[in-house]
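Participant: Dumping the structure here so I can ask a few things about it.
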There are 2 protein chains.
Amino acid sequence: MNPITEDSAAQALTQAPAPRRWEAIASELRNDIVEGLLAPGARLPNETELAQRFGVHRHTLRQAMQSLVREGFVQVRHGSGTYVRELVLDYALRRRTRLTQNLAEAGESASRELLGAEEALAGEWAAPLRVSPRSRVLLLRTRARVRGRVVGVTESAFPLPRFAGLAEAFAQHGTVTAALAALGVPDYTRARSVIAARLPTQAEADALARPLTQPLLVVNYTNCDLQGVPVQAASTLFAADAVQLTVGPDDWDAA
Amino acid sequence: MNPITEDSAAQALTQAPAPRRWEAIASELRNDIVEGLLAPGARLPNETELAQRFGVHRHTLRQAMQSLVREGFVQVRHGSGTYVRELVLDYALRRRTRLTQNLAEAGESASRELLGAEEALAGEWAAPLRVSPRSRVLLLRTRARVRGRVVGVTESAFPLPRFAGLAEAFAQHGTVTAALAALGVPDYTRARSVIAARLPTQAEADALARPLTQPLLVVNYTNCDLQGVPVQAASTLFAADAVQLTVGPDDWDAA
C-alpha cells in the first residue's frame, strides 16, 4: 500500500467523510490487488489498522471496503475478516468458444488489448491452418484482463491474403469474433482444442504478470468457417490461478 | 546406469553376441528411463561411449538400442543422436471417457494399480454425487502407468451402499468400467469435466514420481448412469509432462 500525504490525511479527518477520500483508498487497494501486492486469498488488515494506516475514520474506510466488495475484489468472511477474492473463471470449451461471451456468462467482462501484429511465414502454423509453410500469415498477440487482472495471452495466426486488415478490425471492434465478421466470416466453430500445463518462460510470466512458479494452462486450437476452412490457429496461455476450463454435456450436445 | 559385473562383461565379449547381455543392457536403460534417471528429451551418450561403459561390442549395444526404439522408449534423430522419447499421451475428453480405451487409441496400453480403498463420509463428494454429506461413499485411489511410467493418479468416490464391493470388482477386473458393469452399471457417460493446473504437493509429487516443479493437470469429473444418476465423482491428477487433453468435434458430435 502506498504512503498517503499529510494533506489528504488531514482532509479525511474532517467531520463529513470526503467522497474523494474513500474513493482514493478504494483505488489504492484495488491497484494493490490488480498488481498482485495483495495476493488472491490474502487477508486484509482489520478496519482499525487500515483506518490508522490511511489516517482516516473507520467510517471512511468502511465505505472504501464496501465499494471493493461490490466490485468483487474482496469478500467478507464473517467472524474471520476481509480477504482478497480468488479470481477463478470457468472457461467453457465448446463448439462455439468465444472468450468475451464465455466471461460474460461467468458474470465478468473482459477487456482485450492488442500487444502486437506482424506478418510472417506460416511455419509451425501451416499444419493447423492447412496451408503451405511457405505461405504467409498474420500473427496477432492479444491479452485479456478481467477486473484489471491479466488472465490470458493469445497468439493467433490468420492466413493471408484472406485476412489482411484483421489487426485493424480487431483494434476497432475489440474481439476476434467481430473482426472476423467485418472480414466476411459471420460465424466459425472450433475444430479441436488441445490442453496442456507447464511452467512459463520469463517472457510469458512477465506478459501474464505472474511469478515463474505459477503454472500455465495452454490451449492450442483451430477455428474453422462454416465451410470447414481454418480461419484462425491459436495458442492461449491462461494463468492457472485465474482460469479453469470446463467441458460438459451441454457443449457436447450443442448443435 | 548401474555398474556391470566383470563376469557379464566378459561374457558379452565373446564372438557371438549373447542374447541375454543385450537384453540386460536394454533392461537397465529402460529402468533408467522409467525411473527418470534418463529424462524425457535427454540425449543418450553415443554408441561408442555406451559400449565402453557396459564393456560390450558396439554390435551388442546396437541390439539393445534397437529394442528400445521398437518399444518406443528412445528415438534416433539422424545426424544428431539417440534421445529418450517424450511420453505425451493425447487423452480425449468426451461423452464416454474411458482411460484404458483412450490410451489404447493412442497406441499405448495402461496398467492400473489399486493404491487404497476406504469408506468415508461423502463430505466434499456430496455435491457432485448429489447425495447427503452425511451419507457414506467408497473412496478408491488408483494409479495408471504407461510403459512403466506413472502418468496419473485418481481418487474416486462411489455412493454407498449401491457400490459396496466395487474395490474387489476393480481389483479383479482392472478397470472402473468393468467394475461398474459387474455391479449392474453396463454403461455410463461423463456429466462434466473441470480442468485446472497447479503445482503438486509433496505427497502428490511422490505418488506421480515427479519433481515438485512439474505442474499437474487436474481433471475433476462426474460420471452418470443412463438414468442420469451419478455413479462416480473423481479427481485425476495427470503429470503434465506425460498427458495432454483433447476436446474435439468428434467428441462434441458423439451420441
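Where a number appears in this text, it was derived from the coordinates with a stated rule and is not lab data. Just so it is clear, the structure is predicted and the values come from calculations on it, not from any experiment. Quick reminder, even Gly has a Cβ in these numbers, built from the backbone with ideal geometry, and neighbours come from all protein chains shown.
Participant: Can you pull out the trypsin sites (Lys or Arg not before Pro) in region A:107-151 whose DSSP state is coil and whose Cβ has at most 16 other Cβ atoms within 10 Å?
Facilitator: Sites meeting the loop and neighbour criteria: A:R130, A:R134.
Participant: Further question on the same structure: Return one number: the angle in degrees, 0 to 90 and rounded to the nearest 10, between the long axis of the Cα atoms of helix B:58-71 and the longest principal axis of the Cα atoms of chain B.
Facilitator: 20 degrees
Participant: Now a separate question. Please report B:H57, A:H59 as a ranked list, fewest other C-beta atoms within 10 angstrom at the top and most at the bottom.
Facilitator: A:H59, B:H57
Participant: Please tell me the relative contact order of chain A in percent, rounded to the nearest whole number, where contacts are Cα pairs under 8 Å and at least six residues apart.
Facilitator: For chain A, the relative contact order is 17 percent.
Participant: Exposed loop GluC sites (Glu not before Pro) only (DSSP loop, at most 13 other Cβ atoms within 10 Å): please give the longest stretch of chain B free of them, not including the sites.
Facilitator: B:87-255
Participant: While we're on this one: Over region A:113-231, calculate the relative contact order: mean separation of alpha carbon pairs under 8 Å at least 6 apart, over the residue count, as a percent.
Facilitator: 20 percent
Participant: If you take every DSSP beta bridge whose two residues both sit in the protein assembly as shown, what share of them, in percent to the nearest 5, is antiparallel?
Facilitator: Of all bridge pairs located within the protein assembly as shown, approximately 95 percent are antiparallel.
Participant: Okay, moving on. For every helix of n ≥ 4 consecutive DSSP H residues, a contribution of -39,500 (n - 2.57) applies; sum these over chain A, divide by its total residues, and give [θ] at 222 nm rounded to the nearest 500 deg cm²/dmol.
Facilitator: Value at 222 nm, helices only: -9000 deg cm²/dmol.
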